[in-house]
Amino acid sequence: MAAELSLQICKSADLTPDVGQAILAMCSLAYDEDFAPYLKYANPVHVLAWLDAELVSHAMWVERWLQIGDEAPRRTAYIEAVATHPDYQKRGYASHVLRHLATAIDDFELAALSPSDAAFYQRLGWELWRGPLAMRTEQGLAPTPEEEVMILRLPKTGPLDLAAPISVEWREGEVW
């Protein structure tokens, strides 16, 4: 009998040390780099996919504030660390995790991420932002033209102009 994928949503503060280590090991392996700095963002919530007792896929979100043009900033679920263990890739696990994640973040105004593979996310309903990107700093807006961002419309999103400028608050590490 084939093992069944089970999903779990867990705040970072509630992770056991073993699960935290499993996330770090799997993401580091999947991205082929030390992933520890990326898992230190403030108050992430994780979506974990397990086959029996083995972690096979993961994504997390953190709360950020994206501002479109001169509109008020929108409370955004910013998606990070979408990863599947290399031995389990190409089986739909990350897609399953992302679909489940989308149902868990419907109290946000928007979801966003910086894609490594835009086509993967587009088939799941994500849209590439076409307007200019910037980060908000104490000195004002700093353009980030080398970046790419995708958004997912949620029940509270409202109208969007994907060609408008969009900005995010500065943070240490990767801004987008």
**Prompt:** Residues 98, 66, 51: which one is free of Cβ contacts under 8 Å to residues at least 60 places away in the same chain and under 16 Å from the mean Cα position of the chain (by Cα)?
**Reply:** 98
**Asked** Does segment 95-104 contain any residue that is under 22 Å from residue 38 (Cβ atoms) and part of a loop (DSSP other than H, G, I, E, B)?
**Response** no
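Give 171, 123, 91, 153 a once-over and let me know the one that is closer than 28 Å to residue 15 by Cβ, within 18 Å of the chain's Cα centre (by Cα) and among the charged types (D, E, K, R). Write out each step before concluding.
Working: 123 fails: closer than 28 Å to residue 15 by Cβ; 91 fails: within 18 Å of the chain's Cα centre (by Cα); 153 fails: closer than 28 Å to residue 15 by Cβ.
Exactly one of 171, 123, 91, 153 is closer than 28 Å to residue 15 by Cβ, within 18 Å of the chain's Cα centre (by Cα) and among the charged types (D, E, K, R), namely 171.
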**Asked** Of the residues that make up segment 135-147, is at least one crowded, with 16+ Cβ neighbours inside 10 Å and among the basic types (Lys, Arg)?
**Response** yes
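Of 94, 83, which residue is in contact with a helix residue (DSSP H, G or I) (Cβ under 7 Å, 6 or more places away or on another chain), among the small types (Gly, Ala, Ser) and surrounded by 20 or more Cβ atoms within 10 Å (Cβ to Cβ)?
Working: 94 fails: in contact with a helix residue (DSSP H, G or I) (Cβ under 7 Å, 6 or more places away or on another chain).
Result of the check over 94, 83: 83.
Scan segment 83-94 for residues that are of a type in the set (A, V, I, L, M) and either in a helix (DSSP H, G or I) or more than 23 Å from residue 35 (Cβ to Cβ) (or both) and jot them down.
Narrowing segment 83-94 to residues of a type in the set (A, V, I, L, M): 83, 94.
Scanning segment 83-94 gives a single hit, 94.
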**Request:** List the number of the failed condition for residue 48; all other conditions in (1) touching a Cys at 6+ places or on another chain (Cβ under 8 Å); (2) surrounded by fewer than 21 Cβ atoms within 10 Å (Cβ to Cβ) hold.
**Result:** (2)
**Message:** List the strands (runs of 3 or more DSSP E) inside segment 117-161, counting only whole elements, that have at least 1 residues being over 18 Å from residue 78 (Cβ atoms).
**Reply:** 140-143
**Asked** Regarding residue 136, is this residue in contact with a strand residue (DSSP E or B) (Cβ under 7 Å, 6 or more places away or on another chain), within 22 Å of residue 11 (Cβ to Cβ) and basic (Lys, Arg)?
**Response** no
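Can you spot a residue in segment 107-122 that is touching a helix residue (DSSP H, G or I) at 6+ places or on another chain (Cβ under 6 Å) and over 19 Å from residue 45 (Cβ atoms)?
Filtering segment 107-122 for residues touching a helix residue (DSSP H, G or I) at 6+ places or on another chain (Cβ under 6 Å) gives 115.
Remaining after also requiring over 19 Å from residue 45 (Cβ atoms): 115.
Yes, some residue in segment 107-122 is touching a helix residue (DSSP H, G or I) at 6+ places or on another chain (Cβ under 6 Å) and over 19 Å from residue 45 (Cβ atoms).
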**Selection within segment 3-35 - at pLDDT below 95, within 20 Å of residue 98 (Cβ to Cβ) and surrounded by fewer than 12 Cβ atoms within 10 Å (Cβ to Cβ)** = 4
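Residues 60, 26: which one is touching a residue at least 40 places away in the same chain (Cβ under 8 Å), closer than 29 Å to residue 158 by Cα and either of a type in the set (A, V, I, L, M) or assigned to a helix (DSSP H, G or I) (or both)?
Numbers: 26 fails: closer than 29 Å to residue 158 by Cα.
Result: 60 is the single residue among 60, 26 that is touching a residue at least 40 places away in the same chain (Cβ under 8 Å), closer than 29 Å to residue 158 by Cα and either of a type in the set (A, V, I, L, M) or assigned to a helix (DSSP H, G or I) (or both).
The values are calculated or read from the model by the stated rules, or taken from the named source; none is laboratory data. Quick caveat: nothing in here was measured; it's all calculated off a predicted structure. Quick reminder, even Gly has a Cβ in these numbers, built from the backbone with ideal geometry, and neighbours come from all protein chains shown.
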